[in-house]
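Engineer: First the structure, which I've put down as structure tokens, then a few questions once you've had a look.
FYI, it's all coordinate maths here, none of it is from the lab. All values reported here derive from a predicted model rather than from experimental measurement. Don't worry about glycine lacking a Cβ; one is built from the backbone with ideal geometry, like all the others, and counts go over all protein chains shown.
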Amino acid sequence: MSSAIDLTGRWVGHYVQGGQEYPILADLVQAGPRLSGSMHDGHPDRECSTFEAAVEAGLPPGADEQIEARLRDLVPDAPAGPIRYVSHLPPVSVLEGRCDGSTVSFRKTYQGTSFGGYKVGDKLIGMKRDGHTVHYEGRLGSDGREIAGQWWIDADSAAGTRRTEGAFVLRRAPSAESPAAAPAAEEVKRPWWKRWSSP
């Protein structure tokens, strides 16, 4: 059974990852129980220490030191500066899902190439992939103005990644706010991204 409230329109909010909030903006279209639309990530680029990345991944104490040692072996001529974990997500994604009663679920598929890995000096070591997907499932508030729930990324045994998850909140934008008048997703400088995306 689909919701009596039409979710078509603009929604703004955030998702939580590693204890930090990241802004998102969604344009939803509802046709019966079916949902479609797009989402814009306000901060598609992240950078943190190897220690923070290891903690977020649930690795045991000392894993960050082991990671750094392996990376130093791979790039022996790298300068002695800190090794950083970096990731890039395409800012635009496509949404497909359903609204069943007060349950709202959709799959978010990024349009472009994602990257996650480490910056060692001026070199990047990591994994690129196209069509990265994230699952969202939440509850629609009784007034139809808020969707709150969980997002998750399925574990990938081939890539050696575990399931990742966190909370999200989306709130309906004021009806007077048209897509043209709404603020665009924040442009973020990413000099390290250019290093591997250029031919």
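Engineer: May I ask you to list the aspartates and glutamates whose Cα is less than 18 Å away from that of residue 119, ignoring any residue fewer than eight positions away on the same chain?
Structural biologist: Partners found: 45, 47, 52, 56, 64, 65, 68, 73, 77.
Engineer: Go through 60, 90, 12 and say which Cα lies farthest out towards the positive end of the charge dipole of region 9-197; charges sit on Cβ, +1 for Lys and Arg, -1 for Asp and Glu.
Structural biologist: 90
Engineer: When the Cα centres of region 130-153 and region 1-75 are compared, how far apart do they sit, in Å?
Structural biologist: 12 Å
Engineer: If you don't mind, another one. Mind putting a number on the dipole of region 1-133 about its Cα centre? Charges go on the C-beta only, +1 for Lys and Arg and -1 for Asp and Glu, and I need it in Debye to the nearest 20.
Structural biologist: Here the size comes out at about 360 debye.
Engineer: Mind sorting 50, 8 by how few other Cβ atoms lie within 10 Å of their own Cβ, fewest first?
Structural biologist: 8, 50
Engineer: Can you list residues from other chains, or at least 5 along the same chain, whose modelled amide H is less than 5 Å from the amide H of residue 35?
Structural biologist: Correct list: 97, 98, 99.
Engineer: For q = 0.11, 0.13 Å⁻¹, what log10 I(q)/I(0) does region 9-197 give under the Debye formula with an equal point scatterer on each alpha carbon and no solvent?
Structural biologist: Debye curve over Cα of region 9-197, log10 I(q)/I(0) at q = 0.11, 0.13 Å⁻¹: -0.56, -0.75.
Engineer: For residue 43 and residue 75 in one chain, what is 0.36 nm times their gap in residues minus the Cα-Cα distance, to one decimal in nm?
Structural biologist: Contour length minus Cα-Cα distance gives 8.6 nm.
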